[in-house]
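Enquirer: Dropping a structure here in structure tokens format, bear with me for questions.
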Amino acid sequence: MARYTGPKTKISRIFGEPILGNGKWLNKNSNPPGQHGAARKRKSLGEYALQLREKQKAKYTYGVLEKQFRRTFEEAARRKGVTGENLIKLLEARLDNTVFRLGIAPSRPAARQLVSHKHITVNGDVVNVPSYQLKPGDIIGLKEKSAANTAVTSVIRGKNQKFSWIDWNETEMQGTFVAYPERESVPENIKEQLIVELYSK
């Protein structure tokens, strides 16, 4: 599947926050990209522009292109509960995102690569689809051969303790997707209600 391979700092400068994890460069130059980024007068954004910007931010954050993002939104709308919160839950339940959250990979693109190159297992079976939707109780681990590969294991840092919806067993080098996260537990600065309003037009 296609993915964004352009300059990451440029994307962060568009949104004014380190959505792709490269905050140190954003601190150095936080002006919007372009020749006249620093001097150009910016008009206040209209309603549609704000909604579109929020959708783009979510897509870049989770590494999802438009068609797949739209399908995820439609699935969120079909489920019971608040559509915006369901959308965040489904994005968080992606296999590549969970590999990143567990600390197996240092970034979402790196996690995506691990999954695509067949290093990751779900419930003992190798899964190479980054968008694979995990269900509560699924166990994520490294393939036996990959677990012996120092190039893979040297970057494992373990999960952040604030992520209560996943669990990491350092001894067995396995993680568990315990439950779908509550919206307030997800640290990403995304106003999902604006995305719902955009798709509802």
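Enquirer: Report, in debye and to the nearest 20, how large the dipole of segment 76-129 comes out about its Cα centre when Lys and Arg carry +1 and Asp and Glu carry -1 on their Cβ. If you can, show how the numbers build up before the last one.
Expert: Details: 9 positive and 4 negative charges, 35 e Å.
Here segment 76-129 has a charge dipole of around 180 debye.
Enquirer: With an 8 Å Cα cut-off and a minimum separation of 6 or more residues, compute the relative contact order for segment 46-201 in percent.
Expert: Working: 227 pairs, mean separation 41.3, N = 156.
It rounds to 26 percent for segment 46-201.
Enquirer: Efficiency by 1/(1 + (r/R0)^6): what FRET value for K67 and N123, r their Cβ-Cβ distance, R0 = 22 Å, to the nearest 0.05?
Expert: Computed FRET efficiency for K67 and N123: 0.20.
Enquirer: Still on this structure, please answer the following. Work out how much length K191 to A110 would gain on full extension: take 0.36 nm times their residue separation and subtract the Cα-Cα distance, in nm to one decimal. Mind showing how you got there, number by number?
Expert: Values: separation 81, 0.36 × 81 = 29.16 nm, distance 2.55 nm.
Extra length from K191 to A110 when fully extended: 26.6 nm.
Enquirer: Could I ask something else about it? Please check: in the Gaussian network model of the chain (C-alpha springs, under 10 Å), which one of G124, G141, G81 has the largest mean-square fluctuation.
Expert: Its mean-square fluctuation being the largest, the pick is G81.
Enquirer: Right, next: With each pseudo-label sitting 7 Å past Cα toward Cβ, what's the M173-A77 distance in nm, one decimal?
Expert: 4.3 nm
Enquirer: I'd like the carbon and sulfur percentage of the solvent accessible area for the chain, probe radius 1.4 Å, heavy atoms only, ligands and nucleic acids excluded. Please list the in-between numbers first.
Expert: Working: 5710 of 11510 Å².
Of all accessible area on the chain, carbon and sulfur atoms account for 50 percent.
Enquirer: Still on this structure: Rounded to the nearest whole Å², what accessible area per residue is found for the chain with the 1.4 Å probe?
Expert: Numbers: 11510 Å² over 201 residues.
Ligands and nucleic acids excluded, the figure is 57 Å² per residue.
Enquirer: I would also like to ask the following. Gain in length, K162 to A148, computed as 0.36 nm per residue apart minus the alpha-carbon separation, to one decimal in nm? Show your work: numbers first, answer last.
Expert: On the way: separation 14, 0.36 × 14 = 5.04 nm, distance 2.84 nm.
The span from K162 to A148 would gain 2.2 nm if fully extended.
Enquirer: While we're on this one: Please give the charge dipole size of the chain, origin at the Cα centre, charges +1 on K and R Cβ atoms and -1 on D and E Cβ atoms. Round to the nearest 20 debye. If you can, show how the numbers build up before the last one.
Expert: Details: 35 positive and 20 negative charges, 221 e Å.
That gives the chain a dipole magnitude of about 1060 debye.
Enquirer: Quick one: which of K8/K67; K57/K201; K55/K118; K118/K191; K89/K145 span more than 28 angstrom between C-alpha atoms? Don't jump to the answer; show the numbers that get you there.
Expert: Working: K8/K67 21 Å; K57/K201 19 Å; K55/K118 30 Å; K118/K191 34 Å; K89/K145 31 Å.
Over 28 Å Cα-Cα: K55/K118; K118/K191; K89/K145.
Enquirer: Within a Cβ distance under 12 Å of H119, other residues only, what is the Lys/Arg minus Asp/Glu net charge? Display every interim value, and only then the final one.
Expert: On the way: positive: R112, K118, K143, K145; negative: D96, E144.
Net charge in that neighbourhood comes out at +2.
The values are calculated or read from the model by the stated rules, or taken from the named source; none is laboratory data. Predicted model only: the values in this text are computed from it and were never measured. When we count neighbours, we look across all protein chains shown, and the Cβ atoms used for this are built from the backbone with ideal geometry, even at glycine. Just the protein is used for accessible areas: all its heavy atoms, side chains included, with ligands, DNA and RNA removed. Shrake-Rupley method; radii C 1.70, N 1.55, O 1.52, S 1.80 Å.
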